[in-house]
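Visitor: Encoded as structure tokens, here's the structure I'll be asking about.
The values are calculated or read from the model by the stated rules, or taken from the named source; none is laboratory data. Because the structure is predicted, anything quoted here is derived from the model rather than measured. Here the Cβ is made from the backbone with ideal geometry for all residues, glycine too, and neighbour counts use every protein chain on show. Note: accessible area is taken over every heavy atom of the protein model, side chains too, but ligands, DNA and RNA are not part of it. Shrake-Rupley method; radii C 1.70, N 1.55, O 1.52, S 1.80 Å.
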Amino acid sequence: MARKKIALIGAGMIGGTLAHLAAKKEMGDIVLFDIAEGMPQGKALDLSQCGPVEGFDARITGTNDYADIAGADVVIVTAGVPRKPGMSRDDLLGINLKVMKSVGEGIKNNCPDAFVICITNPLDAMVWALREFSGLPHNKVVGMAGVLDSARFATFLAWEFDVSVKDVNAFVLGGHGDTMVPVTSYTTINGIPVKDFAQIKGVSEDRIDEIVKRTRGGGGEIVGLLKTGSAFYAPATSAISMAEAYLGDQKRVIPCAAYVEGKYGVDGLYVGVPAVIGADGIEDVVEIDLSDEEKSNLKVSTDAVEELLVACKGLDESLK
Ligand code: A3D
């Protein structure tokens, strides 16, 4: 069987990390695409030279030509600009929308059968726009955010409870922004609801609320510390887990920005929900029962996503 082909559009901080992870895991051959001349080629050479040391077989190439992504099985998109301190994800809208247009066309013309994972911010709007520009079916285009937001929530809970992160199953719904909805009612410590575990450990409800708040601002906290860009190790790791679910037909239930039609009272939006990822891409969106408070938080979050789509449509005629 031929090796799988993984195209990474954007060879910056996340793109380079994605290439390293995918190569180490021998997920397939990797093409790093960027508009910056020489940079993807340089990173590809550097990464290739990890192979003999780490003992992986993966052909890694860098390019500025979309023709080189032809036939890719998976495309992961990080092209665009990241946040700087003081910026919200939404501040990136205008510039990254134009980037999604060229990336969408590059995918449409060269690998229309790929499974496409978008990471570029503002995530929920960019994945929607990328789907529109590429013309791929909705089940083959998805946004990465829920895995990362849930991982942040799990990390903070594990630290608070002094337990292994492996035992924390955390869950975040909604848009990837300050209105995201960490859902404590579906978050467990190896099956034990977080509220019960907090009681056992003597952790107050206020403290859990603080952790929820820290999760919502988790990306901004890192931007503030890095000063020159945004998080990249955990975002790359999260997207790789989604690519693996697709390539291995794992049918994993993963929180991600999937296209929702009807469920959760949402119609025709990309928003963070639990979805089954397998060989058909997004095979199902799982609708769970939410409390009234969780429902209204989710509504605030989806309204914020909808507002961004209106802004996108105002910026690009072809999206109307
Ligand atoms: P960075 O290191 O700047 O890499 C972006 C790359 O995109 C650069 O190498 C650019 O040259 C390249 N690029 C710009 N325009 C184009 C174009 N038209 N075609 C191809 N390549 C282009 O950023 P990064 O890797 O740190 O972040 C990438 C994106 O991910 C940003 O939009 C971030 O905001 C976003 N991000 C999202 C999350 C989520 O959880 C959703 C987390 C972290 C970062």
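Visitor: Pairs needed: first member in the range 120-131, closer than 14 Å to Thr302 by Cα; second member anywhere, within 8 Å of the ligand (Cβ to nearest atom) and open to solvent by 10 Å² or more (accessible area, probe 1.4 Å); C-beta distance under 7 Å; at least 6 residues apart or different chains.
Guide: Pairs found: Pro122/Arg89; Leu123/His176; Asp124/His176.
Visitor: Can you tell which of Ala275, Ala243, Ala258 is of a type outside the set (D, E, K, R), within 16 Å of the ligand (Cβ to nearest atom) and assigned to a helix (DSSP H, G or I)?
Guide: Ala243
Visitor: Can you tell me which residues in the range 92-111 are over 18 Å from the mean Cα position of the chain (by Cα) and under 24 Å from Val310 (Cβ atoms)?
Guide: Within the range 92-111, Gly94, Ile95, Lys98, Lys101, Ser102, Glu105 qualify.
Visitor: Another question about this same structure. If you go through the range 181-202 one residue at a time, how many are in contact (Cβ under 8 Å) with a residue 12 or more places away in the chain, of a type outside the set (Ser, Thr, Tyr) and open to solvent by 60 Å² or more (accessible area, probe 1.4 Å)?
Guide: Residues in the range 181-202 being in contact (Cβ under 8 Å) with a residue 12 or more places away in the chain, of a type outside the set (Ser, Thr, Tyr) and open to solvent by 60 Å² or more (accessible area, probe 1.4 Å): 3 in total.
Visitor: Quickly run through the range 148-183 and pick out the residues that are among the polar types (S, T, N, Q), touching a helix residue (DSSP H, G or I) at 6+ places or on another chain (Cβ under 7 Å) and closer than 22 Å to Val260 by Cβ.
Guide: Thr179
Visitor: Taking the range 2-38, which residues are surrounded by fewer than 22 Cβ atoms within 10 Å (Cβ to Cβ), part of a strand (DSSP E or B) and in contact with a Gly (Cβ under 9 Å, 6 or more places away or on another chain)?
Guide: Correct list: Lys5 only.
Visitor: Now a separate question. If I filter the range 203-225 for residues that are open to solvent by 70 Å² or more (accessible area, probe 1.4 Å), assigned by the TED database to the domain that holds Phe153 and not in a helix (DSSP H, G or I), do I get at least one hit?
Guide: So far as the range 203-225 goes, no, none of its residues is open to solvent by 70 Å² or more (accessible area, probe 1.4 Å), assigned by the TED database to the domain that holds Phe153 and not in a helix (DSSP H, G or I).
Visitor: Can you spot a residue in the range 176-187 that is within 16 Å of the ligand (Cβ to nearest atom) and touching a His at 6+ places or on another chain (Cβ under 7 Å)?
Guide: Scanning the range 176-187, I find no residue that is within 16 Å of the ligand (Cβ to nearest atom) and touching a His at 6+ places or on another chain (Cβ under 7 Å), so the answer is no.
Visitor: With respect to Leu130, determine if the residue is in the same structural domain as Val77 (by the TED database) and either open to solvent by 10 Å² or more (accessible area, probe 1.4 Å) or within 16 Å of the ligand (Cβ to nearest atom) (or both).
Guide: The answer is yes for Leu130.
Visitor: Of all residues in the range 133-148 being part of a helix (DSSP H, G or I) and buried (at least 24 other Cβ atoms within 10 Å of the Cβ), which is farthest from the ligand (Cβ to nearest atom)?
Guide: Ser134
Visitor: If you don't mind, there's one more thing I want to ask. Hey, among the residues in the range 43-58 that are assigned to a helix (DSSP H, G or I), among the small types (Gly, Ala, Ser) and within 18 Å of Ala7 (Cβ to Cβ), which one's nearest to the ligand (Cβ to nearest atom)?
Guide: Ala44
Visitor: Something else now. Only one residue in Thr228, Thr302 is among the polar types (S, T, N, Q) and in a helix (DSSP H, G or I). Which one?
Guide: The match here is Thr302.
Visitor: Going through Ala114, Ala151 one at a time, which residue ends up being within 15 Å of the ligand (Cβ to nearest atom) and over 11 Å from the mean Cα position of the chain (by Cα)?
Guide: Only one candidate qualifies: Ala151.
Visitor: Can you tell me how many residues within the range 59-88 are in a loop (DSSP other than H, G, I, E, B) and either near the ligand (Cβ under 9 Å from one of its atoms) or surrounded by fewer than 22 Cβ atoms within 10 Å (Cβ to Cβ) (or both)?
Guide: 17
Visitor: Right, something else. Give the range 89-104 a look and list any residue that's more than 10 Å from the ligand (Cβ to nearest atom) and open to solvent by less than 30 Å² (accessible area, probe 1.4 Å), or say none.
Guide: Leu93, Leu97, Gly104
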